[in-house]
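Undergrad: Dropping the structure in here first, questions after.
The values are calculated or read from the model by the stated rules, or taken from the named source; none is laboratory data. Keep in mind that this is a model prediction, so the values were computed, not measured. When we count neighbours, we look across all protein chains shown, and the Cβ atoms used for this are built from the backbone with ideal geometry, even at glycine. Ligands, DNA and RNA are excluded from the accessible area calculation, which covers all protein heavy atoms including side chains. Shrake-Rupley method; radii C 1.70, N 1.55, O 1.52, S 1.80 Å.
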Amino acid sequence: MANTLESKAALKPTAPNWVYYATLLLIAIAPTQFAYAVDAKHGPFVAYSDLLLAAVLALWVLWRLTRRTVEGLVWPPGAVIGLLIVAMLSAGRAESLKTAAIEIFQLGLYFVAAYMLFVDLLDRRERIRTALIVLAVPTLVNILIGVWQYATADDPFAVGGVLTNRNVYSAYLAMVLPVAFGVMVWAEQAWLRWLLGCGVAVGAVTMLAPPLMWVLVAVLAVMTGFSPARARAAASVLVILIALAVMLVPRNRDAAIVELLDPAEQGPIYKTLDHDYVVKKRWLEWQPALSMLADNFALGVGVGNYQLNIGRSEFYGFLPNVKKSEPDTNNLYLVIAGSMGFAGLVCLVAYVGGWLRRAGTLWLLVEDGWAKGVAVGLLGAVASLALTNVFSSLFVRGTGLVWALMFALVISISRGAMNEVPPVDDTE
């Protein structure tokens with residue numbers, strides 16, 4: 001099997017450096033939410049990283065056309081193609097066709113086009129390592145800004161790095177910190193282990209979005225079981241220290257325990273006029289989302305049209321509908337179920353579940369050292385991604401493109417990208 005993968009990889013043309021460097025630039029700006037707003041209040045908001053993605057895709061397609069070959073292209077899994085088909089079918093039920101079209105375009109842009117680009121470009125060991133180092137730079141910038149906000153901001157909602165708010169920020173770190181943790185426990189250099197360990201610890205402490213910090217702690221705890229014997233004790237101590245900080249440091253305890261266990265919305269902006277006690281909308285909204293699914297079981301209310309319909313009284317019934325809730329606290333699975341019906345939900349679960357299954361054996365396909373750590377880290381990243389989407393959608397600006405990158409790295413490594421296969425020289 002390994003020889004077959006190596007022979008196929010050896011025949012695959014390697015993209016030239018000018019496309020590769022443009023892709024690295026794309027990875028560097030992906031974890032941001034800077035965007036051009038067509039309308040300052042209602043959008044749509046076009047991320048600058050999406051604009052760069054379109055330019056890089058054009059360069060990549062141009063190179064492929066000059067080669068006149070599709071050799072080595074990796075197509076997205078059937079589940080995401082099914083999700084796109086369901087999205088297009090559900091668009092016929094959409095109240096806003098513009099919103100539906102934007103959502104379909106983003107699905108295709110991230111999970112088809114960007115995914116194929118990343119797999120094709122990150123096709124060997126050195127390129128994967130460089131891409132991860134490049135991704136570490138904006139991650140570090142986010143964490144450093146998060147530390148400053150953690151120390152100075154009165155409202156924990158403001159601790160979001162350059163990712164707008166604590167929910168997107170925490171969701172992003174929950175997805176990428178497991179990769180750093182995996183490399184930490186398998187790295188051979190002591191300085192690298194200390195550097196990554198400090199980065200994971202500081203990043204975890206600045207996550208103030210309940211319950212996402214607990215998602216990260218749980219994933220890291222499981223990952224210690226995939227650690228080499230020499231590093232297992234240190235990895236376990238780090239996870240315990242992070243858990244203690246979450247429980248004992250006042251600012252973290254207020255979010256991770258006090259706020260999480262308090263079912264009521266707090267603050268006057270969240271309350272209806274005739275109710276003194278309202279359950280947090282992030283939890284309350286699960287019921288009307290299920291009602292939306294029940295009333296539109298096959299194809300939902302239309303892709304991208306969840307927010308336009310979720311506030312309708314027939315879905316809430318006797319439940320109080322608060323006027324405003326904290327952004328980016330939607331359950332992505334229920335958003336897809338309500339907007340694209342049971343068919344869309346099945347496709348999404350199959351899509352994420354398929355990657356979780358593939359990532360589960362990835363660590364068996366690579367040698368020891370940092371490469372093994374990346375494989376273990378990607379398992380943690382995919383598991384965290386699957387859990388995080390229950391509490392905060394990762395299919396948003398700043399995280400959706402990195403989501404596609406994580407899945408691309410899984411497939412690249414599973415196809416032997418870490419095996420030092422000599423690539424075809426395409427620079428002449």
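Undergrad: Counting only heavy atoms of protein chains, what accessible area per residue, in Å², does the range 83-233 have with a probe of 1.4 Å?
TA: Values: 5830 Å² over 151 residues.
Per residue, the range 83-233 has 39 Å² of solvent-accessible surface.
Undergrad: So what is the 222 nm mean residue ellipticity for the chain from helices alone, if each DSSP H run of at least 4 adds -39500 (n - 2.57) and you divide by all residues, rounding to the nearest 500 deg cm²/dmol?
TA: Numbers: 19 runs with 264 residues, N = 428.
Theoretical 222 nm ellipticity from helices: -20000 deg cm²/dmol.
Undergrad: Would you kindly compute the Cα radius of gyration of the chain and its largest Cα-Cα separation (Dmax), both in Å?
TA: Every Cα atom of the chain included, Rg and Dmax give 21.7, 73 Å.
Undergrad: Direction-averaged shadow area of the convex hull around the Cα atoms of the range 175-332, nm²? If you can, show how the numbers build up before the last one.
TA: Numbers: hull surface 47.6 nm².
Averaged projected hull area, Cα only: 11.9 nm².
Undergrad: Roughly how large, in nm² to one decimal, is the mean projection of the convex hull of the alpha-carbon atoms in the range 310-419?
TA: Numbers: hull surface 33.2 nm².
Mean shadow area of the hull around the Cα atoms is 8.3 nm².
Undergrad: Using only alpha carbon pairs under 8 Å that are at least six residues apart, calculate the relative contact order of the chain and give it in whole percent.
TA: Working: 661 pairs, mean separation 112.4, N = 428.
Value for the chain: 26 percent.
Undergrad: Quick one: which residues, 5+ away or cross-chain, put their amide H under 5 Å from the amide H of Val279? H built at 1.01 Å from N.
TA: Glu265
Undergrad: About the Cα centre of the range 204-362, what is the dipole size in debye to 20, counting +1 per Lys and Arg Cβ and -1 per Asp and Glu Cβ, all else neutral? Please report the intermediate quantities before stating the final value.
TA: Values: 13 positive and 11 negative charges, 137 e Å.
It works out to roughly 660 debye.
Undergrad: In the chain, how many lysine pairs have Cα atoms under 20 Å apart, counting only pairs 8 or more places apart or on different chains?
TA: Lysine pairs meeting the criterion: 11.
Undergrad: Something else now. Find the accessible area per residue for the range 275-393; the probe is 1.4 Å, ligands and nucleic acids are left out, and the unit is Å².
TA: Details: 4720 Å² over 119 residues.
Here the per-residue accessible area is 40 Å².
Undergrad: Towards the positive end of the charge dipole of the chain, with charges on Cβ (+1 Lys, Arg; -1 Asp, Glu), say which of Ala375, Phe407, Leu293 has the farthest Cα.
TA: Result: Ala375, furthest along the dipole toward the positive end.
Undergrad: Something else now. Given a cut-off of under 8 Å on Cα pairs at least six residues apart, what relative contact order in percent is computed for the range 21-117?
TA: Working: 53 pairs, mean separation 23.0, N = 97.
Averaging sequence separation for qualifying contacts and normalising by length gives 24 percent for the range 21-117.
Undergrad: Given +1 on the Cβ of Lys and Arg, -1 on the Cβ of Asp and Glu, and no further charges, what dipole in debye does the chain carry about its Cα centre, rounded to the nearest 20? If you can, show how the numbers build up before the last one.
TA: Values: 30 positive and 29 negative charges, 85 e Å.
Rounded to the nearest 20 debye, it is 400 debye.
Undergrad: Okay, moving on. Quick one, can you get me the convex hull of the C-alpha atoms of the range 302-368 expressed as volume per residue in Å³? Intermediate values should be presented prior to the final figure.
TA: Working: hull volume 9.1 nm³, N = 67.
Output value, Cα hull per residue: 135 Å³.
Undergrad: Evaluate the charge dipole of the range 22-111 about its Cα centre and quote only its size in Debye, nearest 20, assuming +1 on the Cβ of each Lys and Arg and -1 on the Cβ of each Asp and Glu.
TA: 200 debye
Undergrad: Over the chain, with every protein chain in place, what whole percent of the accessible area is carbon and sulfur at 1.4 Å, could you tell me? Mind showing how you got there, number by number?
TA: Numbers: 12490 of 18610 Å².
In the chain, the share of accessible area belonging to carbon and sulfur is 67 percent.
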